[in-house]
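Colleague: So that we are looking at the same thing, I have put the structure below in structure tokens.
The values are calculated or read from the model by the stated rules, or taken from the named source; none is laboratory data. Predicted model, so just to flag it, every value in this text is computed and none were measured. Here Cβ is always computed from backbone atoms with ideal geometry, including for glycine, and neighbour counts include all displayed protein chains.
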Amino acid sequence: MHFGFQSVTEEERREKIYQVFESVAKKYDVMNDSMTLGIHRVWKDILVHKMNPCPGTLLLDVAGGTGDIAFRFINYVRSVRQRQLQRKLKHHQNLSWQEIFENYQKDKFNSLGNSQVVVCDINREMLKVGKQKAQHLGYSEGLSWVLGNAEELPFDDDMFDVYTIAFGIRNVTRIDLALQEAYRVLKPGGRFLCLEFSHVSNPLLSRLYDLYSFQVIPVLGEVIAGDWKSYQYLVESIRRFPPQEELKAMIEDAGFFKVDYENLNFGIVAIHSGFKL
Ligand code: SAM
């Protein structure tokens, strides 16, 4: 049984994808953990380590959903700031306690060093769950949430240092438009990073992975979220998504330079990277 995306118009497809994420939003994080056995957390960590953001970085996380990349970005920048502060204090051992305290307070209150992350997603429900999660986990500084379509971003040209899209691009109706928009909103020198399910080249592994995806994931979706169809869509969308080299060519067509990708777990997912010159 197929989700029936083959013969629909772009508008109908956009609408169906909206419904899928509207219906999975509340259970999205639990399902993510069960579908990937928690490994999506490691993949997201690797993405942020690859980005290696320094304090002051302005990040746009498109299709940012419930905020996983944004929270990791904030943690990463905070840890860089803490290391900077420790080094600074070490080098100022001859300062008075008062001066050390003032230095510390100054840094503490600006713990992201002017870094900011904007989470942009087309789906109100996903953003709502993300905002609740941020509140619960205590993230607020340097974080904002914007409703918007990756194909028509509500931002000016040349605004961001880094653009990320994690497990989002395969859900976008016109990938070419999303890539052009990524290019437009990045500053010259800015970096594009895309984390997405991809294609496993090893035939045996690929068969096992297919079995797991088509037989297990929709069942998990039904058991955990009572929603077989949405999870079947997620699996089908992974299979329809262009393989690594094809996506690389599409990113180059959008104008990016030094485009490359790294396969994780034999290509189950890949991280594509490119720069705007
Ligand atoms: N990035 C998050 C993560 O890694 O956990 C969420 C990924 S979730 C699989 C896909 C997200 O893409 C959903 O939140 C969905 O609403 C969003 N999305 C789908 N089409 C979009 C579009 N055209 N523009 C922006 N977001 C979109």
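Colleague: From the list 48, 42, exactly one residue is buried (at least 24 other Cβ atoms within 10 Å of the Cβ), modelled with pLDDT of 95 or more and more than 8 Å from the ligand (Cβ to nearest atom). Which is it?
Modeller: Numbers: 42 fails: buried (at least 24 other Cβ atoms within 10 Å of the Cβ).
Sole residue among the options that is buried (at least 24 other Cβ atoms within 10 Å of the Cβ), modelled with pLDDT of 95 or more and more than 8 Å from the ligand (Cβ to nearest atom): 48.
Colleague: In segment 56-73, how many residues are more than 11 Å from the ligand (Cβ to nearest atom) and over 14 Å from residue 144 (Cβ atoms)?
Modeller: 2
Colleague: I've got another one for you. Could you look through segment 252-270, keep only residues that are within 19 Å of the chain's Cα centre (by Cα) and more than 22 Å from residue 210 (Cβ to Cβ), and pick out the one that is surrounded by the fewest Cβ atoms within 10 Å (Cβ to Cβ)? Before you say what the answer is, go through the steps one by one.
Modeller: Step one: list which residues in segment 252-270 are within 19 Å of the chain's Cα centre (by Cα), which gives 256, 259-265, 267-270.
From what's left, more than 22 Å from residue 210 (Cβ to Cβ): 256, 259-260, 262.
Details: 256: 23, 259: 18, 260: 11, 262: 15.
Checking each candidate, the answer is 260.
Colleague: Can you name the number of the only condition in (1) outside any loop (DSSP other than H, G, I, E, B); (2) under 30 Å from residue 31 (Cβ atoms) that residue 86 fails?
Modeller: (2) is the only condition that residue 86 fails.
Colleague: Another question, then. Restricting the search to segment 23-65, which residues are without any contact (Cβ under 8 Å) to a residue 40 or more places away in the chain and under 10 Å from the mean Cα position of the chain (by Cα)?
Modeller: Of everything in segment 23-65, just one residue is without any contact (Cβ under 8 Å) to a residue 40 or more places away in the chain and under 10 Å from the mean Cα position of the chain (by Cα), namely 48.
Colleague: Then there is this: Any residue in segment 261-277 that's among the aromatic types (Phe, Trp, Tyr): show its pairings with residues that are modelled with pLDDT under 95 and part of a helix (DSSP H, G or I) at Cβ separation under 6 Å, as long as the two are six or more apart or on different chains.
Modeller: Close Cβ pairs satisfying both conditions: 266/205.
Colleague: Among (1) more than 16 Å from the ligand (Cβ to nearest atom); (2) surrounded by 21 or more Cβ atoms within 10 Å (Cβ to Cβ); (3) among the hydrophobic types (A, V, I, L, M, F, W, C), there is one condition residue 160 misses while meeting the rest; what is its number?
Modeller: (1)
Colleague: In addition: Tell me, yes or no, whether segment 241-251 has at least one residue that is over 18 Å from the mean Cα position of the chain (by Cα), part of a helix (DSSP H, G or I), in contact (Cβ under 8 Å) with a residue 60 or more places away in the chain and within 22 Å of residue 47 (Cβ to Cβ).
Modeller: yes
Colleague: Please work out which one of (1) in contact with a Ser or Thr (Cβ under 9 Å, 6 or more places away or on another chain); (2) more than 14 Å from residue 34 (Cβ to Cβ); (3) assigned to a helix (DSSP H, G or I) is the condition residue 220 fails and give its number.
Modeller: Result: residue 220 fails condition (2) only.
Colleague: Looking only at segment 164-185, decide whether some residue is away from the ligand (no atom under 16 Å from the Cβ), under 23 Å from residue 118 (Cα atoms), crowded, with 22+ Cβ neighbours inside 10 Å and touching a residue at least 60 places away in the same chain (Cβ under 8 Å). Step through it out loud before you land on a result.
Modeller: Residues of segment 164-185 away from the ligand (no atom under 16 Å from the Cβ): none.
The answer is no, given that none of the residues of segment 164-185 is away from the ligand (no atom under 16 Å from the Cβ), under 23 Å from residue 118 (Cα atoms), crowded, with 22+ Cβ neighbours inside 10 Å and touching a residue at least 60 places away in the same chain (Cβ under 8 Å).
Colleague: Take residue 207 and tell me if it is closer than 17 Å to residue 17 by Cα, over 14 Å from the mean Cα position of the chain (by Cα) and not hydroxyl-bearing (Ser, Thr, Tyr). Don't jump to the end; show me each part of the working.
Modeller: On the way: closer than 17 Å to residue 17 by Cα: no; over 14 Å from the mean Cα position of the chain (by Cα): yes; not hydroxyl-bearing (Ser, Thr, Tyr): yes.
It is false that residue 207 is closer than 17 Å to residue 17 by Cα, over 14 Å from the mean Cα position of the chain (by Cα) and not hydroxyl-bearing (Ser, Thr, Tyr).
Colleague: If I filter segment 106-127 for residues that are in contact with a helix residue (DSSP H, G or I) (Cβ under 8 Å, 6 or more places away or on another chain), within 9 Å of the ligand (Cβ to nearest atom) and β-branched (Val, Ile, Thr), do I get at least one hit?
Modeller: The answer is yes, given that some residue of segment 106-127 is in contact with a helix residue (DSSP H, G or I) (Cβ under 8 Å, 6 or more places away or on another chain), within 9 Å of the ligand (Cβ to nearest atom) and β-branched (Val, Ile, Thr).
Colleague: Scan 76, 18 and give me the residue that is in a helix (DSSP H, G or I), away from the ligand (no atom under 14 Å from the Cβ) and among the aromatic types (Phe, Trp, Tyr). Break it down stepwise before answering.
Modeller: On the way: 18 fails: away from the ligand (no atom under 14 Å from the Cβ).
Within the list 76, 18, the selection yields 76.
Colleague: Scanning segment 186-208 for residues that are charged (D, E, K, R) and outside any helix (DSSP H, G or I), which turns out farthest from the ligand (Cβ to nearest atom)? It would help to see each step written out before you state the result.
Modeller: Within segment 186-208, the first condition is being charged (D, E, K, R), and the residues that meet it are 187, 191, 196, 207.
Still in the list and also outside any helix (DSSP H, G or I): 187, 191, 196.
Values: 187: 21, 191: 17, 196: 9 Å.
Going through the qualifying residues, I end up with 187.
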